[in-house]
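The values are calculated or read from the model by the stated rules, or taken from the named source; none is laboratory data. Owing to the predicted nature of the structure, the values given are computational and were not obtained by experimental measurement. Here the Cβ is made from the backbone with ideal geometry for all residues, glycine too, and neighbour counts use every protein chain on show.
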Amino acid sequence: DAKTTQPPSMDCAEGRAANLPCNHSTISGNEYVYWYRQIHSQGPQYIIHGLKNNETNEMASLIITEDRKSSTLILPHATLRDTAVYYCIVRVGGSEKLVFGKGTKLTVNP
Amino acid sequence: EAGVVQSPRYKIIEKKQPVAFWCNPISGHNTLYWYRQNLGQGPELLIRYENEEAVDDSQLPKDRFSAERLKGVDSTLKIQPAELGDSAVYLCASSFDRGRRAREQFFGPGTRLTVL
């Protein structure tokens, strides 16, 4: 599985958009980009995934660059409850294996 | 819908003692995973089951760790004997996988193990 690079930490003001970047320059054509988050003392929670098109669901939007070498997770209106570690993972389609890095610790401030 | 259930939530033991963790996946989920998460790190896969078959146990330290998933539903992960370095959070996850399309994994709250 390709590796990802994320900033170790970010801050965001409550109510503002949180934009979390991820670099995956060695991603292969059949690898998806997945995002999970882990709130303190809880297990990871699935957020969203995509292959090459931008995706949006009730939690977030995922923007993948045209060359697929990087992506951005967008939380449009961050709340205090969005404070968590966010993991960007690349995963081969049809593969069950998730390889987590250290993620980005997002702190949403009041 | 009930999520993934794990017990106990916390366990403190002396080194060299045995310990077991239990996981009940989401109803209908055929794939079950055990992960270990060390402090400040992301989770690492220990073993993956498809129904009752362990299909990926390459990261499971087999000298002291064992797992089972009888009847393809709930699962138990055991450590015997425990070492200081086994202190971590043990996470269970499940997913419903059909064909080649793997779906998102749902995680339980984890068991925090402290070995003294």
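Mind checking which residues of region A:76-105 are crowded, with 20+ Cβ neighbours inside 10 Å and of a type in the set (Val, Ile, Thr)? Hits for region A:76-105 are A:VAL85, A:ILE89, A:VAL90, A:THR104. A:LYS52 falls short on exactly one of the conditions (1) more than 14 Å from chain B (Cβ to nearest Cβ); (2) touching a residue at least 40 places away in the same chain (Cβ under 8 Å); (3) assigned to a loop (DSSP other than H, G, I, E, B), and that condition is (2). Among the residues of region B:17-59, those that are surrounded by fewer than 14 Cβ atoms within 10 Å (Cβ to Cβ), modelled with pLDDT under 95 and more than 11 Å from every other protein chain (Cβ to nearest Cβ) comprise B:SER27, B:GLY28, B:LEU39, B:ASN51, B:GLU53.
Scanning region B:95-116 for residues that are at pLDDT 95 or above, more than 14 Å from B:LEU46 (Cβ to Cβ) and more than 9 Å from chain A (Cβ to nearest Cβ) gives B:THR114, B:VAL115, B:LEU116.
Checked against (1) within 14 Å of another protein chain (Cβ to nearest Cβ); (2) within 12 Å of the chain's Cα centre (by Cα); (3) in contact (Cβ under 8 Å) with a residue 12 or more places away in the chain, B:SER75 meets all criteria but (1).
Among the candidates A:SER61, A:SER41, A:SER70, A:SER28, which residue alone is small (Gly, Ala, Ser), under 22 Å from B:GLY42 (Cβ atoms) and at pLDDT 95 or above?
Values: A:SER61 fails: under 22 Å from B:GLY42 (Cβ atoms); A:SER41 fails: at pLDDT 95 or above; A:SER28 fails: at pLDDT 95 or above.
After applying the criteria, what remains is A:SER70.
Of the listed requirements (1) surrounded by 15 or more Cβ atoms within 10 Å (Cβ to Cβ); (2) under 30 Å from B:TYR10 (Cα atoms); (3) within 14 Å of another protein chain (Cβ to nearest Cβ); (4) in contact (Cβ under 8 Å) with a residue 60 or more places away in the chain, A:VAL108 misses just one: (3).
Tallying residues that are more than 14 Å from chain B (Cβ to nearest Cβ) and either in a loop (DSSP other than H, G, I, E, B) or touching a residue at least 40 places away in the same chain (Cβ under 8 Å) (or both) within region A:61-105 yields 19.
Output the residue which, of all residues in region B:60-116 that are within 23 Å of A:PHE100 (Cβ to Cβ) and among the β-branched types (Val, Ile, Thr), is surrounded by the most Cβ atoms within 10 Å (Cβ to Cβ). Ranking the qualifying residues of region B:60-116, first place goes to B:THR111.
Each row is one residue, and each column tells you yes or no for (1) touching a Gly at 6+ places or on another chain (Cβ under 9 Å); (2) more than 20 Å from B:PHE107 (Cβ to Cβ).
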residue	(1), (2)
B:VAL5	yes, no
B:GLY28	no, no
B:GLY40	no, no
B:LEU46	no, no
B:ASP56	no, no
B:SER66	no, yes
B:LYS71	no, yes
B:ASP74	no, no
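A residue that is more than 14 Å from chain B (Cβ to nearest Cβ), assigned to a loop (DSSP other than H, G, I, E, B) and not charged (D, E, K, R) cannot be found anywhere in region A:36-43.
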